1. In degrees from 0 to 90, rounded to the nearest 10, what is the angle of the helix B:113-123 Cα long axis to the longest principal axis of chain B?
2. Within chain B, which is the longest segment that contains none of the GluC sites (Glu not before Pro) sitting in a DSSP loop with at most 13 other Cβ atoms within 10 Å?
3. Quick check for me: using +1 on Lys/Arg Cβ and -1 on Asp/Glu Cβ, what's the dipole size of the stretch B:191-331 about its Cα centre, in debye to the nearest 20?
4. Where does helix B:288-297 land angle-wise versus the long Cα axis of chain B, in degrees 0 to 90, nearest 10?
5. Per residue and in Å³, how big is the convex hull formed by the alpha-carbon atoms of chain A?
6. Counting trypsin sites (Lys or Arg not before Pro) as exposed when in a DSSP loop with at most 14 other beta carbons within 10 Å, what is the longest stretch of chain B free of them?
7. Rg/Rh for the stretch A:1-118 to two decimals, with Rh computed the Kirkwood way over all alpha-carbon pairs.
8. If you line up the long axis of helix A:101-127 against the longest principal axis of chain A, both from Cα atoms, how many degrees apart are they, to the nearest 10?
Amino acid sequence: MIRTLKALPTLLRIGVAETVAYRAEFLVWILTMTQPLIMLGLWTYVTRDGAFRGMTSEDFTAYYLANLIVRQLTGNWVAWQLMEDIRLGTMSMRLLRPIHPFYAYAASHVAAIPFRTVVALPLAIILLASSGAHALTHDPVQIAAFVPSLVLAWLITFAVMFALGSLAFFLTQTNALSEVYFALFQIFSGYMLPLAIMPRPIAVIADWLPFKYTLAVPLAILTTQLDGHELGALLARQGAWTAAMLVLAIGVWRLGVRRFEAVGG
Amino acid sequence: MIRARNLTKYFRVHRRPPGIGAAVKSLVHRHYETVKAVDGVSFTIERGERVGFLGPNGAGKTTTLKVLSGLLHPTGGEVDVDGFVPFRRPRELLGKITLVMGQKSQLIWDLPPAETYAMNRAIFDVPRDQFERTLKELTELLDLGALVDKPTRQLSLGERMKCELAAALLHRPTTLFLDEPTIGLDVAMQVAVRDFVREYNQRHHATVLLTSHYMDDVVALCPRIIVIDQGKLIHDGDLRQLIKTMDPHKRVSFTPTNHVADDELAKLGTLIGRDGQRITVRVTERELPAVVGHVLSSLHGADLAIEDPPLEDVLRAMFGKTGKGNAEAAS
């Protein structure tokens, strides 16, 4: 672990260099993550004459802009990377290094975060400050709690995507599974619509799935008023999901790597 | 020390004939076969040995290297490298070994090799002064120069292989698994790499296990040869002994002063070829002194050379004899 930590600054630097190697592609990828802005436009129009299920235009503005920020900071493509590395055999070279691939992939994704926010984040902050600021929490405890909640959301997302990618050891191709995951994510995480305005059964199911804890929970901490008990419960459940997903990711990896065929060469 | 005991590695392979019909059929029903890539192989390699791994395509050479380096879990048998079980990939072992694969790159594709070197330094925890010393040495030897600052994807195969070797040796491993390490290199660079591997072996008392399609690599580097075919070990021993066992003849080449008729040459041995004035005949070891005497005294032969048969010929005869030249096992 100490050796991994010592290697971290170099891994982050290499991650930055890789991120900026293809500038145009990177920019296009960032733009594909701006769906919340489209939803914001739609809901601003719908609520121009009054609130919808208790949410005003300003509430929607705050929700979708915060949504955009959280998604930009927590989204990742490690499932696709893993699948390609396993399918093409390039995982071999990662396995020969004395660092677990989980940490190596994680470092390259962390390194990319500042660049991913470079386009959307300033825009979102300006819009939030100008039209949605009053819908954000002003409670310093909640603002402080947003940071660990964001870190946990990142960890859950990364662990789930790592587990999905590791399924390539068994299935070779996992793109379809990733599509299924993303479809469920859009519904149950609150990415497409706030869970508060979703039909009751969906909100109940969402409580028992991990998706909510990757997006809706940090959003709730940032955009609603919670008491200490509610905040603590949300963070505790998010922590439990993080632990469960990390165990899942490492478990699928361990089972899968035994089947690695190291094709090519 | 490397030890393999009754090592096996089987793959389950999906087979289907070409064509749309077969493709559609394979959606519903798939035909699988078990391919025995490595089938009960045993050997021991002591620290500091240089061993050549030979066999036809698909014999199981690369699969064995992948098992030894921990990439593949064996189906059966036991294997240990320096006291470690490779497929568990303990850090201590990974810091001591390296695997160079001519067909696979460890260099970061979109960045210059210098970035991979920096990453390996950090991951393998190589002290900075040792890293700089080793890199300087490798840069000079492999003539890397400005290559290390050029994006990997823009390097030629030969350039990439040179950078690949440097990346693989920066942490000074004591066990080298080299799978086609000279692929794509020009002749001069092949020689330089061979010299380097030999020197590295001697200086660090490193164990070298090499596969190569260039027999010159094997002859120049490896006193010991392991021959594997269809996943089974069929020879393990001294290179010269292998040649002697398979073909106990010598090749005598010379340039006679005057023309020599074929029937006169037939008395010496089997005529292998004439290349301009130069003649090569195949003779038994027992008849060698008499043949050499005759060539020098009666035929006034100049530039006399006595050589073992080329390893390629020996192996061709070997795999031909066992009828296993077209092994189907995955490598």
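Quick note: the coordinates plus some simple rules give every number you see, no bench work behind them. Only a predicted model underlies this, so the values are computations on that prediction, with no experimental measurement involved. A quick note on method: Cβ atoms are made from the backbone with ideal geometry, for glycine too, and the neighbour counts reach across all protein chains shown.
1. 60
2. B:47-284
3. 260
4. Between helix and principal axis, roughly 60 degrees.
5. Numbers: hull volume 37.8 nm³, N = 265.
Cα convex hull per residue, to the nearest whole number: 143 Å³.
6. Details: sites that count: B:30, B:47, B:286.
Counting only loop sites that pass the neighbour cut-off, the longest clear stretch is B:48-285.
7. In the stretch A:1-118, Rg relative to Rh is 1.14.
8. Taking Cα atoms only, the helix is inclined about 30 degrees.
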